[in-house]
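Asks: Below you will find the structure I want to go over with you.
Values in this text are rule-based calculations from the coordinates and carry no lab data. In this text, all values refer to a predicted model and were calculated from it rather than measured experimentally. All Cβ positions, glycine included, derive from the backbone under ideal geometry; neighbour counts span all protein chains shown.
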Amino acid sequence: MLLDLLEELSPLPFVKFMELCLYHPDYGYYARGNLPGKQGDFVTAPCIHPVFGATIARQILEMWEALGSPKDFLILEAGAGQGYLALDILTYLRKKGYSFKYAIIEPFPAIRAVQEEVLQDFLDDVCWYTTPKDVSFFQGVFLANELFDAFPVHLVEKREGELHEVWVEVKGGHIREFYEKFCDPRVLRRVYRYFPYWCEGYRTEVCLTIEDFYREIAQKLIKGFFFIIDYGYPRQDYYSPERTCGTLVCYYKHRLVDNPYLAPGHTDISCHVDFTLLRELGDKYGLLTLGFTQQGPFLVSCGIDRVLLEVSEGSYRDLNAVKRLILPEGLGGSHWVLVQGRLYSNIFEVKLSGFSLSNRTNLLLGDFSSV
Ligand SMILES: C[S@@+](CC[C@H](N)C(=O)[O-])C[C@H]1O[C@@H](n2cnc3c(N)ncnc32)[C@H](O)[C@@H]1O
């Protein structure tokens, strides 16, 4: 049982608690094969309608053209869930007469088995890697939808004017939080500009685990793009004085709950993404941030209305799905799309349709010192 293991390891910082709850190989929420979708605890864009993946595929075609239409173009996806995004992209591309290699980074055998089943018509084009370390050098696009929100975070709180890290003690099956003054210096570096403006009791999260993953992929990308979709904020918004309770989001039995300690290993715990961090990592590892906007304007700029007519008959149900994907009160407003690129000569000439209506990369400037 996970609770017994947590008790054995107790006390532990929240970041370690979250890692075990989600990724312990036997008891972790994801390791046990929990996935988004109708049967799952929460729904993601690829589960809503194939038009999402088809529209993403259109944008990927433009990226391929920007690279000079290479034969060895690879789409590399991480955190692919059931594989619906991969399926919808590959189906759309095949319909249009294109055939690209597709690779998925999937650490969990139970989830890979689901993906293999979903992608059975494309098995000649798809391969799997267990970790980013296994990925070979490539040109193409690294794609991630709702990946980085599932990375473990440090939970911090302002107490008596100082930054404290939240730790977890597990005893006799009960879980309690306590605070330690010591924080990884990188945590402090991330928030020190914002910290003086926070009230007593302000709680938030800092994700350090993204960097290793990002670096591994960036170092393998010879030429191409990072295409990241997730819920989150630019850093000044993430750590704004009004956001006093942070951004941790938990799902248990299809319900949004505010308690990460409810049923460890059975509760999904996630956290909004600090998009400024991704811009900084791009700067550090040689990818230029080309576009940043909300999912709604992105999909509309890519022509989701026309793509819908290509992938369905435009029934009432289909239109409802598009509304969920693009409207500001749905995923269209909560989720953001970030594209970064590494091209050698013509990087400043790249114009991607997704950012023709709106490009807010300016929101990611202004914090240059945290990684
Ligand atoms: C919220 S789900 C999103 C699934 C899918 N992209 C979708 O939109 O439906 C997050 C996924 O990221 C995966 N994940 C988390 N950390 C990962 C890592 N280091 N490498 C690969 N996958 C990871 C989890 O296993 C989980 O399947």
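Asks: Please report the base-10 log of the normalised intensity I(q)/I(0) for the range 269-352, using a Debye sum with one equal scatterer per alpha carbon and no solvent, at each q in 0.20, 0.25 (1/Å).
Replies: After summing over all Cα pairs, the log10 values are -0.96, -1.14.
Asks: What is the ratio of the Cα radius of gyration of the chain to 2.2 N^0.38 Å, where N is its residue count, to two decimals?
Replies: So the Cα radius of gyration is 0.98 times the expected 2.2 N^0.38 Å.
Asks: If the only charges are +1 at each Lys and Arg Cβ and -1 at each Asp and Glu Cβ, what is the size of the charge dipole of the chain around the Cα centre, to the nearest 20 debye?
Replies: 780
Asks: What net charge do the residues around Y252 carry, taking every other residue with its C-beta under 12 Å from that of Y252, with Lys and Arg at +1 and Asp and Glu at -1?
Replies: -1
Asks: Right, next: Among 150-159, 28-37, 312-321, how do they line up by average Cβ neighbours within 10 Å per residue, starting with the highest?
Replies: 150-159, 28-37, 312-321
Asks: Something else: Which peptide among 181-188, 100-107 comes first, and what is the full order, when sorted by highest mean count of other Cβ atoms within 10 Å? Please report the intermediate quantities before stating the final value.
Replies: Numbers: 181-188: 13.9, 100-107: 21.2.
Going from most to least packed, we get 100-107, 181-188.
Asks: Please work out the Cα center distance from the range 150-215 to the range 58-97, rounded to the nearest Å.
Replies: The range 150-215 and the range 58-97 have Cα centres spaced 37 Å from each other.
Asks: Related question: With both bridge residues required to lie in the chain, what share of the DSSP beta bridges run antiparallel, to the nearest 5%?
Replies: DSSP beta bridges in the chain are roughly 60 percent antiparallel.
Asks: Sticking with this one: Where does helix 84-95 land angle-wise versus the long Cα axis of the chain, in degrees 0 to 90, nearest 10?
Replies: 10
Asks: In addition: Efficiency by 1/(1 + (r/R0)^6): what FRET value for S353 and E162, r their Cβ-Cβ distance, R0 = 45 Å, to the nearest 0.05?
Replies: It comes out at approximately 0.40.
Asks: OK, next. With +1 on each Lys and Arg Cβ and -1 on each Asp and Glu Cβ, and nothing else charged, work out how big the dipole of the range 1-133 is about its Cα centre, in Debye to the nearest 20.
Replies: 480
Asks: State to the nearest 20 debye the size of the charge dipole of the range 43-198 about its Cα centre, where the only charges are +1 on K and R beta carbons and -1 on D and E beta carbons.
Replies: Working: 17 positive and 22 negative charges, 77 e Å.
For the range 43-198, the charge dipole is close to 360 debye.
Asks: Each residue of the range 266-282 in turn: what ³J(HN,Hα) in whole Hz from Karplus with 6.51, -1.76, 1.60 and θ = phi - 60°, glycine and Pro shown as x?
Replies: Couplings: 10, 10, 7, 10, 9, 8, 5, 9, 7, 5, 5, 4, 5, 4, 5, 5, x Hz.
Asks: Now a separate question. Between Rg and the Kirkwood Rh of the range 207-344, both from Cα atoms, what is the Rg to Rh ratio?
Replies: 1.02
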